[in-house]
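Novice: Pasting in a structure now, in structure tokens, and then I'll have a few things to ask.
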Amino acid sequence: MEKILNKRKIREVEKYLMRWKKFMAENNTWEKREDLGNTREALEEFEERMNAEVRRQEKINMAKERDFRRGDLLGRFTAKMLYR
């Protein structure tokens, strides 16, 4: 195994998309978590990467929402337009 690329959960079963060493991308496979017994380090690295990405996306979303509330609409609409 080279790397874990993705994760999905279907009917309460977690599966991971695995990239295998010395194989092309079309040979990537979905494997159940219980079948990945000896890949604890790779699982931890993947989960850490995913958590960091979620935190980064949450920060971006919060910044966009904050900018919107700060007056994004007021920059587009004048008082004249709002009080007709």
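The values are calculated or read from the model by the stated rules, or taken from the named source; none is laboratory data. All values reported here derive from a predicted model rather than from experimental measurement. Here the Cβ positions follow ideal geometry from the backbone for every residue, glycine too, while neighbour counts run over all protein chains shown.
Novice: Go over the candidates F68, F46 one by one and state the one that is aromatic (F, W, Y) and under 14 Å from M1 (Cβ atoms).
Specialist: Exactly one of F68, F46 is aromatic (F, W, Y) and under 14 Å from M1 (Cβ atoms), namely F46.
Novice: For region 40-84: of the residues being surrounded by 10 or more Cβ atoms within 10 Å (Cβ to Cβ) and small (G, A, S), which is modelled with the lowest pLDDT?
Specialist: Applying the filter and picking the extreme gives A63.
Novice: Sort out which residues of region 1-39 are assigned to a loop (DSSP other than H, G, I, E, B), of a type in the set (A, V, I, L, M) and surrounded by fewer than 10 Cβ atoms within 10 Å (Cβ to Cβ), and write them in order of number.
Specialist: Hit for region 1-39 is M24, nothing else.
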